[in-house]
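The values are calculated or read from the model by the stated rules, or taken from the named source; none is laboratory data. Quantities reported herein were computed from a predicted structural model and do not represent experimental measurements. Here Cβ is always computed from backbone atoms with ideal geometry, including for glycine, and neighbour counts include all displayed protein chains. Please note that ligands, DNA and RNA were not included when accessible areas were found on the heavy atoms of the full protein model with its side chains. Shrake-Rupley method; radii C 1.70, N 1.55, O 1.52, S 1.80 Å.
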Amino acid sequence: MTPLTAADFAKVQGTGYGLGTDGDLWAIDFEAAAGQAPVQLTAGTYDAVMLVALAAVAAGTDDPSRTDIQAALQTINDPTGTVVSYGGYAAGVAALNAGTPINYEGVSGSLDFSGDRNAVVSPLDRWRIENGAFVFTPIQ
């Protein structure tokens with residue numbers, strides 16, 4: 001097998017989640033807890049867990065077989081709802097328990113669902129390797 005050269009790495013690129021408004025705070029906390037910086041898709045994984053947890057609260061169930069959790073995803077992604085972001089889980093639960101819709105803004109950026117709730121429309125970054133370091137450019 002031929003070793004990769006710097007020129008080979010210059011050809012490598014891809015896409016992944018960026019960090020939203022509170023993403024930097026989350027990344028600092030992640031590194032403090034894990035002892036290493038988060039990898040590219042970790043922010044999206046965090047957001048997925050938060051979305052499911054908040055949707056379960058909105059649905060009033062923790063039974064994973066219930067379809068009302070999926071239906072509740074719109075309740076936690078209401079653009080007119082109370083904004084809930086990193087560190088705001090308790091406030092989001094309180095709002096949902098009070099019957100107030102929320103708008104979860106993830107650490108990977110604003111997470112908006114498609115009309116059929118089958119996809120999350122969120123910002124992505126294009127990444128490439130330049131001089132041995134990752135360079136991220138937001139995709140508009």
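Some observations on this one:
- Most tightly packed first, judged by the mean number of other beta-carbon atoms within 10 Å of their residues, the peptides 127-135, 98-106 read 98-106, 127-135.
- For the set 84, 49, the ranking by accessible area, highest first and with no ligand, DNA or RNA atoms included, is 49, 84 under a 1.4 Å probe.
- Each residue of segment 90-105 was assigned a 3J(HN,Hα) from its phi angle through the Karplus expression (A = 6.51, B = -1.76, C = 1.60, θ = phi - 60°), giving 4, 5, x, 4, 4, 5, 5, 5, 8, x, 9, x, 10, 10, 6, 10 Hz with x at Gly and Pro.
- Database remark: amide H of residue 113 closer than 5 angstrom to the amide H of 121 (H placed geometrically; neighbours at sequence offset of 5 or more, or on other chains; Pro and chain starts carry no H).
- Close amide H contacts of residue 82 (hydrogens built in the peptide plane, cut-off under 5 Å, sequence separation of 5 or more or a different chain): 102, 103.
- Ranking by accessible area, most exposed first, for 52, 107, 12, 93 with a 1.4 Å probe: 52, 12, 93, 107
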